[in-house]
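A.B. asks: Take a look at this one; I'll ask things after.
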Amino acid sequence: MTDKIYVLANEEVADACMLEAINWHAGQSKFKESADIKGFAVAVVGEYLANQKGFTMYTDKATYPKGEK
């Protein structure tokens, strides 16, 4: 298995991924969950979308840049 390299997403990339995730979730009428579950689902999909572009929204998962907070 190959380790992937993820760049820490800047605010613009993170916002775009989260907006896409929010829009995806809004179109899923089968989901009738609590606000906590909804927030989790949107965060997971947003991170997945960022990963597909080579980014991450989490500093602990970022390969580059290291040392930024």
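Throughout, read-outs are computed from the coordinates displayed, never taken from laboratory work. The structure presented is a predicted model; accordingly, all values stated were derived computationally and were not measured.
A.B. asks: Note down the relative contact order for the range 7-56 as a percent, whole number, built from C-alpha pairs under 8 angstrom at least six residues apart. Before the final figure, lay out each step's value.
C.D. replies: Details: 32 pairs, mean separation 30.5, N = 50.
RCO, the range 7-56: 61 percent.
A.B. asks: Which cross-chain or sequence-distant (5 or more) residues have an amide H under 5 Å from the amide H of residue 55, H modelled 1.01 Å from N in plane?
C.D. replies: 7
A.B. asks: Could you count how many Lys pairs in the chain have their Cα atoms under 22 Å apart, skipping same-chain pairs fewer than 8 positions apart?
C.D. replies: Pairs that pass both the separation and distance tests number 9.
A.B. asks: Right, here's the next one. Give, in nm to one decimal, the length gained when the segment between residue 35 and residue 11 is fully stretched (0.36 nm per residue of separation minus the Cα-Cα distance).
C.D. replies: Working: separation 24, 0.36 × 24 = 8.64 nm, distance 2.36 nm.
Value of the extension gain: 6.3 nm.
A.B. asks: Relative to the longest principal axis of the chain, what angle (0 to 90°, nearest 10) does the C-alpha long axis of helix 11-26 take?
C.D. replies: Around 30 degrees separate the two axes.
A.B. asks: While we're here: What residue among 12, 47, 20 shows peak mean-square fluctuation when the chain is described by a Gaussian network model with Cα springs under 10 Å?
C.D. replies: So, out of 12, 47, 20, the one fluctuating most is 12.
A.B. asks: By how many degrees, between 0 and 90 and to the nearest 10, does the Cα long axis of helix 35-52 differ from the longest principal axis of the chain?
C.D. replies: Helix 35-52 sits roughly 40 degrees off the main axis of the chain.
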